[in-house]
Amino acid sequence: MYWQEENKRNVTISDEVQDLVYKIRCTSLPVDHAFALAEEIISFLPWMASETGAGIHSVHVADSGNGWMRPENPDALLHLSRRTKLILRVPKKRLESALSLVDETLDIAGNKMTIESVEQRPLSKLTTLFCRYLVFSEQLEPENIFLDKAMKALQEIDIIPKKLLPGLEKTIQKPGKMIKTRSLMIAGISAEESFKLQQKGLGMHHQLGCGIFIPHKDIEEVGKTPE
């Protein structure tokens, strides 16, 4: 863990990158669907493979609820509700292209996903951000090296966080390769830095849902025990 006290900075708001939130009709997806989803999205939006600032959020459902536990087998199925959304992070210059996904039907590893509508969502002003999957190299590093790489990558884009909290290790499958990732929470940055980090992301494999930051509750609440 890396931790310093907070120091607020001025705010500059930018809309150069946005999230597109698609309403979908899809009953299920494999637990590990990142590669299949990326492959299908890129077949419709080829620029998504290399566009700076673009990323594909993995389709996320709760890890547990009503007696259900998320399966460990990556080939098992996640059962999606009507509230489940597909989210793409898209630079402004690519918005029109990405909006064209509406009314298309995608095939995600044999599972049909119909895109019904889309809503544009600006990036968050919150200054505590979370990345579910972050990877800097082909091999998962020990936690201290992972934090060093994260700090260096942040400094390279002029972001100086006060708090970094690494978390769970997860694996994403690609044909012939297993990508090992780790989650990361970042806090103690300014709103301007928050926008920049959401716009640029960190690390590798943004098309697989890696390196994409989303807003999170304040890091001071994490691990707090009731009085």
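The values are calculated or read from the model by the stated rules, or taken from the named source; none is laboratory data. Keep in mind it's a predicted model, so treat the numbers as computed, not measured. Note that we place each Cβ from the backbone using ideal geometry, even for glycine, and neighbour counts take in every protein chain shown.
Some notes on this structure:
- Here Gln139 does not qualify as among the polar types (S, T, N, Q), in a helix (DSSP H, G or I), surrounded by fewer than 14 Cβ atoms within 10 Å (Cβ to Cβ) and on the phi < 0 side of the Ramachandran plot.
- Residue within segment 128-141 that is touching a His at 6+ places or on another chain (Cβ under 7 Å), modelled with pLDDT of 95 or more and not hydrophobic (A, V, I, L, M, F, W, C) present: yes
- In segment 194-213, residue surrounded by the fewest Cβ atoms within 10 Å (Cβ to Cβ) [restricted to those that are within 11 Å of the chain's Cα centre (by Cα) and of a type in the set (S, T, N, Q)]: Gln207
- Within segment 20-43, residues that are under 12 Å from Ile115 (Cα atoms) and part of a strand (DSSP E or B) sit with their Cβ atoms under 9 Å from residues that are at pLDDT below 95 and aliphatic (A, V, I, L, M), at 6+ positions apart or across chains, in these pairs: Ile24/Val59; Ile24/Leu80.
- A single member of Lys162, Lys196, Lys125 is among the basic types (Lys, Arg) and closer than 17 Å to Gly211 by Cα, and it is Lys196.
- Every pair of residues 6+ apart whose Cβ atoms lie under 6 Å, when the first sits in segment 139-165 and is in the same structural domain as Leu197 (by TED's automatic domain parsing) while the second is of a type in the set (S, T, N, Q): Lys162/Gln4
Rundown of residues vs (1) at pLDDT 90 or above; (2) exposed (fewer than 12 other Cβ atoms within 10 Å of the Cβ); (3) among the β-branched types (Val, Ile, Thr), yes/no style:
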| site | (1), (2), (3) |
| --- | --- |
| Cys26 | yes, no, no |
| Ile41 | yes, no, yes |
| Trp47 | yes, no, no |
| Ala54 | yes, no, no |
| Pro71 | no, no, no |
